[in-house]
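Student: Here it is, the structure, as structure tokens.
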Amino acid sequence: MTSKPSLATPSRTAEDAPRLRIGEWIIENLIRLAGLSTIVIIGLIFLFLLREGGPAFLDIPLRQLFGTRWYPIEGIYGLAPLLVGSLLVTVGAVIIAVPLGLITAIYLGEIAPPWQREILKPLIEMLAGIPSIVLGFLGWVALAPLIQNAGAATGLTAFTGAVILAYMSLPTIISISEDALYAVPKEYRDGALAIGATQWQTIWRVVLPAARSGIVIAVMLGIGRAIGETMAVMMVTGNAANIPAFGSGMIFEPVRTMTATIAAEMGEVAQGSLHYNTLFGIGIVLFVITFAINSLAGRIVGTRGARRSGGKL
Amino acid sequence: MNRQQTNRLAIGVITGLAILVVIPIALVILFVFYNGIGTINWEFITAAPRNGMREGGIWPALLGTIFLTFGTAIISFPLAIGAAIYLSEYAADNRMTRMVRLAIVNLAGIPSIVYGLFGLGAFVLFMQFGTSILAGSLTLGILTLPVVISTAEEAISSVPQQFRTVSLSLGATRWQTIRYQVLPHALPGILTGVILGLGRAAGETAPILFTVAAFYLPNLPRSVFDQTMALPYHLYVISTQVPGMPLSVQYGTALVLLLIVLSLTLAATFVRTSMRRRREW
């Protein structure tokens, strides 16, 4: 935060002083408006979602809304299959991405020599830049056939989606956990190594526990990233709005996520119909979930306050 | 197993897994390149699709993405720079500022499809812009705000405090100080943010689904109130919606999109590194 010195009126020639001040007054207020606009925008997003999606929660009986059947053609809007679809894909992605992301962050932050870091970090930034539609396309033409050949009934399954999503959330998890590791003071490591701990013991017993809250944030934001992903998931999960039979095989069944439902069906609904309202209603659910995740992550950052000054967020 | 061996094993496993994570990234890019490069020629870039999009080129979609990217820049740039200046130069450490920061963090976390819904509800229907380049640019512009704001704020905050103190002590006003001392030094960092934001906007599909993107258009758009084809949506259409689509055209389209987005990412990285090298403080 910048400290603001109190400003004395600058001495200027009499003619240009008022004009300058009016000009500056306008500019400074425009800047303030730009800052406040972020709050206004997020408020507007929620308002417009409510305006279009609110009726869904009023018009559909709650028992149906949480029911297990999503058949818009028959006017049945049960969100459970979509919630389960999103949950399966997201949990699968997190199980794959969190350990791999954390390990990569540990390698980058604690083990890799500088020249490797110079190569690897831009590569990971590039992964973050690959459009989701391109990864979805690759999942569709390359990964899905592989999974089908491995013995699944179809290649378009929750698992396929989880793999692609895991890949897409890796950059988030890696960069935020690396920030967290970086913020652990060097003295901690020196102290551990000086009393004879090996590098692994230092990482496992000292650095990781010290970076704990940052790693929790990384996982949370990774989840937020995964649950909101649309195009790639829509292309590779098979889009079947059924709840797969509970069991270890359920991850290899086709599912349909909340995001994919919005994307796939919005083009075909009549504006103002209950189906249309319900798709916006799903948007409200997504908004609330991600808002909760991000606010919570923001709060964790806040409580740690000044100790972490170098990291992003 | 003693602790030295455990150490060696653990470090070895970490190294191996980290390499396993990173190699596929390079492979993915090379894979698209290898399969798509044969399709790309002058006609593919500059011709309109023919024969149910199975032949011809991608020009209308490419042009649409260029229009949308420019539109995004026009919407997002002034607002984001303003917000970044506000946060680093004007905002007091109070409740309001914390709310602004919370809003930015949350804007960054909102799923892109929800931005699409917002664009549909607010711009297409409520403001009656229709499915149009204007509605799409507004939606993408808002989507890119958080990236541009946080990068630009970091750049502005990293200008040393002495620059401001000296300028103010010479009688410059606060705005003159920002305009002539702070912004010029922060410019490369701000540019990095803008380019990153544009890279994001160029590759997004979900926000343009209901706000601007057209399945197929025989004519190029003539005004900002027209629909347009766009490259990411075009890739979605030709890979899932058109039967009998040759794979080569799909890979070619994917490669063009990938090249656009990656060159923007690389440009941002380049601006940032050259800025670090040149910095004199």
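Student: Rounded to the nearest whole Å³, what is the per residue volume of the convex hull around the Cα atoms of the range B:30-140?
Tutor: On the way: hull volume 19.5 nm³, N = 111.
In the range B:30-140, the Cα convex hull volume per residue is 175 Å³.
Student: Is the shape of the range A:151-203 rounded, prolate or oblate, going by the alpha carbon gyration tensor and its root eigenvalues a ≥ b ≥ c, with a/c under 1.5 for rounded and a/b larger than b/c for prolate?
Tutor: Verdict is oblate for the range A:151-203.
Student: For chain B, what is the convex hull volume of the alpha-carbon atoms per residue, in Å³?
Tutor: 213
Student: Continuing with this model, one more query. Answer with one residue from B:Ala135, B:Ser88, B:Leu117: the one whose Cα lies farthest towards the positive end of the charge dipole of the range B:58-278, charges on Cβ with Lys, Arg +1 and Asp, Glu -1.
Tutor: So the residue furthest toward the plus end is B:Ser88.
Student: Could you tell me how many cubic angstrom of Cα convex hull volume the range A:88-206 has per residue? Let's see the in-between values first.
Tutor: Working: hull volume 14.7 nm³, N = 119.
Residue-normalised Cα hull volume stands at 124 Å³.
Student: Determine the shielding of peptide A:227-234 by partner chains: average, over its residues, the number of Cβ atoms on other chains within 10 angstrom of each Cβ. Before the final figure, lay out the partial values.
Tutor: On the way: counts 2, 8, 4, 10, 11, 1, 0, 5.
If you average over the peptide's residues, the count of other-chain Cβ atoms is 5.
Student: Under 5 Å between amide hydrogens, which residues at least 5 positions from B:Gly56 or on another chain qualify, with H placed 1.01 Å from N in the peptide plane?
Tutor: Placed amide hydrogens put B:Arg50 under 5 Å from B:Gly56.
Student: If amide hydrogens are placed 1.01 Å from N in the peptide plane, which non-local residues have theirs closer than 5 Å to the one on A:Gly78?
Tutor: A:Arg69, A:Trp70, A:Tyr71
Student: Same structure again: Give the residue from A:Ser295, A:Thr230, A:Pro131 lying farthest towards the positive end of the charge dipole for the range A:80-307; charges sit on Cβ (+1 for Lys and Arg, -1 for Asp and Glu) and the dipole is referred to the Cα centre.
Tutor: Working it through, the farthest residue towards the positive pole turns out to be A:Ser295.
Student: Quick check for me: using +1 on Lys/Arg Cβ and -1 on Asp/Glu Cβ, what's the dipole size of the range A:80-307 about its Cα centre, in debye to the nearest 20? Don't jump to the answer; show the numbers that get you there.
Tutor: Values: 11 positive and 11 negative charges, 111 e Å.
Charge dipole of the range A:80-307: 540 debye, to the nearest 20.
Student: Another question, then. Rank-order A:252-259, A:23-30 by packing density, defined as the average count of other C-beta atoms within 10 Å over each peptide's residues, highest first.
Tutor: Highest-to-lowest ranking by the protection proxy: A:252-259, A:23-30.
Student: Shielding of B:142-154 by partners, i.e. mean partner chain Cβ atoms within 10 Å per residue? Walk me through the numbers before you get to the answer.
Tutor: Values: counts 6, 0, 0, 4, 1, 0, 0, 3, 2, 1, 0, 0, 1.
Other-chain Cβ atoms within 10 Å of each residue's Cβ, averaged: 1.
Student: Please report the equivalent ellipsoid semi-axes of the range A:80-307, computed as sqrt(5 x eigenvalue) of the Cα gyration tensor, largest first, in whole Å.
Tutor: So the equivalent ellipsoid measures 37, 21, 15 Å along its semi-axes.
Student: Per-residue Cβ counts within 10 Å, from other chains only, averaged over B:237-247: what number is that?
Tutor: Details: counts 0, 1, 7, 5, 0, 0, 0, 0, 0, 0, 1.
Mean number of neighbouring Cβ atoms from other chains: 1.
Student: Right, here's the next one. Along the range A:107-118, what does the Karplus equation 6.51 cos²θ - 1.76 cosθ + 1.60 (θ = phi - 60°) give for ³J(HN,Hα), rounded to whole Hz, x for Gly and Pro?
Tutor: 4, 5, x, 10, 10, 4, x, x, 5, 6, 4, 4
Student: Sorting check: for B:147-153, B:164-170, which peptide has the highest mean count of neighbouring beta carbons within 10 Å, and how do the rest follow?
Tutor: B:147-153, B:164-170
Student: What number, in nm² with one decimal, is the all-direction average of the projected area of the convex hull of the alpha-carbon atoms of the protein assembly as shown? Kindly include the intermediate steps, with their values, before the conclusion.
Tutor: Numbers: hull surface 125.0 nm².
Computing the convex hull of the Cα atoms and averaging its projections yields 31.3 nm².
Student: Where nothing but the Cβ of Lys and Arg (+1) and of Asp and Glu (-1) is charged, how large is the charge dipole of the range B:58-278 around its Cα centre, in debye to the nearest 20?
Tutor: On the way: 12 positive and 6 negative charges, 121 e Å.
Charge dipole of the range B:58-278: 580 debye, to the nearest 20.
Student: Only Lys, Arg, Asp and Glu count, each charged at its Cβ (+1, +1, -1, -1), so figure out the dipole size of the protein assembly as shown about its Cα centre, rounded to 20 debye. Mind showing how you got there, number by number?
Tutor: Numbers: 38 positive and 27 negative charges, 320 e Å.
So the dipole magnitude of the protein assembly as shown works out to roughly 1540 debye.
Any read-out appearing in this document is the output of simple, stated calculations on the displayed coordinates, not a laboratory observation. None of these values were measured; they are calculated from a predicted model. When we count neighbours, we look across all protein chains shown, and the Cβ atoms used for this are built from the backbone with ideal geometry, even at glycine.
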